[in-house]
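Structure record follows, encoded as structure tokens.
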2 protein chains.
Amino acid sequence: MGKVLSTAEVRRETVVASAIRAFSRSGYLGTPIAKVAEEARISTAYVFKLFPGKEALFVAALERCFELVLEALEAGAAGATEQTPEGVLDAMGDAYAHLIADRDLLMLQVHAQSASDVPEVRQALQRGLARVTEFAASRSGADDSSVQRFIAYGQLCHLIVTVGVENIDSNWARLLSEGITHPA
Amino acid sequence: MGKVLSTAEVRRETVVASAIRAFSRSGYLGTPIAKVAEEARISTAYVFKLFPGKEALFVAALERCFELVLEALEAGAAGATEQTPEGVLDAMGDAYAHLIADRDLLMLQVHAQSASDVPEVRQALQRGLARVTEFAASRSGADDSSVQRFIAYGQLCHLIVTVGVENIDSNWARLLSEGITHPA
DNA sequence: GGAGGTAGTGAGTGTACGGTCACTCATATG
DNA sequence: CATATGAGTGACCGTACACTCACTACCTCC
């Protein structure tokens with residue numbers, strides 16, 4: 001927090017950023033550390049000096065991902081035109097939809113769910129989901145079922161993107177993405 | 001359809017069943033064909049005689065998965081106490097929750113989303129989602145936004161299982177799983 | 001200028017896995 | 001019996017990848 005970052009710690013942060021991009025493209029098992037290293041303009045060996053192993057790197061990326069999501073929700077809530085519970089929830093939803101237009105943070109969460117049989121990954125997911133849910137509830141003041149719906153539609157959003165519903169011209173496709181904010 | 005199955009085709013079906021179990025446990029990339037073969041009491045080489053490759057086997061498993069889901073929804077709808085749109089949707093929701101108590105069909109869908117960068121997998125997902133959505137809409141007669149909500153809460157269900165919300169004793173966890181039918 | 005620590009790397013090792021191939025065994029048919 | 005066909009397998013190959021280690025380049029402070 002108050003501590004000045006050493007060069008290695010700065011490096012770690014850039015590597016985490018690269019890891020988010022790389023892992024989001026091909027998932028936990030599908031992404032070799034070498035790809036992350038390449039993306040960070042660093043040797044593969046050095047990645048292992050900065051992180052104890054692939055698992056820890058993935059978890060670090062996932063944690064950063066949730067941090068970014070929370071920041072976006074916070075900003076969205078602050079910019080809500082109506083500060084009613086539903087108004088705030090809607091604003092957070094829009095902010096989330098806007099944030100994940102680049103797909104990186106979204107896909108990383110999807111891949112993390114798929115890798116949730118790794119205990120550390122599952123725990124990171126739990127922590128992230130806890131923070132998001134608790135923040136959405138307390139910041140909006142909405143009742144439980146509204147918050148539950150908020151999370152559920154977030155997941156629907158993930159489905160829409162992974163399946164590529166957006167570029168299907170069909171009734172069922174329109175039905176699913178109705179009201180989900182477009183990446184204009 | 002009317003054709004009598006040859007032994008090889010029977011074999012293919014049992015292998016698909018094994019594939020569902022194996023892939024659901026460790027995902028597309030995390031599951032070696034050898035594990036599927038072992039589960040089916042068959043040599044690895046023979047799996048490659050029955051299916052052109054890993055990708056095709058995974059897709060076959062995914063397609064079977066959606067078939068089972070549709071059957072469950074159909075049965076659930078038929079057993080609905082009230083044949084109103086909302087009543088039928090609720091019954092289908094309960095049937096789905098009951099079906100995926102064993103986690104196999106659920107996890108397979110999650111892993112498929114993570115592997116959706118493989119075109120064949122993405123297309124299989126599209127077909128499956130299309131059939132499920134269209135069936136839910138036409139069989140229940142509910143309006144679009146209700147069907148959308150139905151799918152969204154299905155995804156929430158996936159999230160709850162993958163992150164293991166059920167065995168967390170905390171407010172946010174209860175909030176998320178409220179009203180989702182338990183595997184009693 | 002040299003001693004010691006920190007950033008960073010090249011070249012490897014062991015292993016797991018997708019896919020292939022040459023083969024065996026059982027059955028059926030004439 | 002001879003032969004053909006399809007079920008089923010063991011042994012193998014090439015490659016990709018997580019992780020290691022011995023090493024160099026640089027920086028800083030005396």
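Laboratory data are not the source of any read-out in this text; all were calculated from the coordinates shown. This is a predicted model, so every value here is computed, not measured. Virtual Cβ from ideal backbone geometry, glycine too; neighbours counted across all protein chains shown.
Before moving on, here are some points about what is shown:
- Some residue of segment B:27-42 being on the phi > 0 side of the Ramachandran plot, surrounded by 15 or more Cβ atoms within 10 Å (Cβ to Cβ) and within 16 Å of DNA strand D (Cβ to nearest atom): yes
- Here residue B:10 does not fit the description of being out of contact with any Gly (no Cβ under 9 Å at 6 or more places or on another chain) and in contact (Cβ under 8 Å) with a residue 40 or more places away in the chain.
- Every condition in (1) part of a loop (DSSP other than H, G, I, E, B); (2) more than 15 Å from residue A:134 (Cβ to Cβ) is met by residue B:148 except one, and the failing one is (1).
- Take the conditions (1) surrounded by fewer than 16 Cβ atoms within 10 Å (Cβ to Cβ); (2) among the small types (Gly, Ala, Ser); (3) within 7 Å of chain A (Cβ to nearest Cβ); (4) in contact (Cβ under 8 Å) with a residue 40 or more places away in the chain; residue B:141 misses just one of them, which is (3).
- Filter pass, residue B:147 being free of Cβ contacts under 8 Å to residues at least 60 places away in the same chain, facing another protein chain (nearest Cβ under 7 Å), within 24 Å of residue A:147 (Cβ to Cβ) and out of contact with any His (no Cβ under 9 Å at 6 or more places or on another chain): yes
- Candidates B:66, B:23, B:58, B:51, filtered to the one that is among the aromatic types (Phe, Trp, Tyr) and more than 16 Å from DNA strand C (Cβ to nearest atom): B:66
- Scanning segment A:51-73 for residues that are touching an Asp or Glu at 6+ places or on another chain (Cβ under 9 Å) and either within 14 Å of DNA strand D (Cβ to nearest atom) or among the β-branched types (Val, Ile, Thr) (or both) yields A:55, A:56, A:58, A:59.
- Residue count for segment A:119-134, restricted to those that are more than 7 Å from chain B (Cβ to nearest Cβ) and surrounded by fewer than 18 Cβ atoms within 10 Å (Cβ to Cβ): 5
- Residue A:171 meets each of the listed conditions (1) surrounded by 19 or more Cβ atoms within 10 Å (Cβ to Cβ); (2) within 9 Å of chain B (Cβ to nearest Cβ) apart from (1).
- Subset of segment B:58-97 [surrounded by fewer than 17 Cβ atoms within 10 Å (Cβ to Cβ) and under 16 Å from residue B:156 (Cβ atoms)]: B:94
- Close pairs from segment B:44-56: first without any contact (Cβ under 8 Å) to a residue 40 or more places away in the chain, partner part of a loop (DSSP other than H, G, I, E, B) and more than 8 Å from DNA strand D (Cβ to nearest atom), Cβ under 6 Å, at least 6 apart: none
- Test: residue in segment A:123-142 that is outside any helix (DSSP H, G or I) and more than 20 Å from the chain's Cα centre (by Cα): yes
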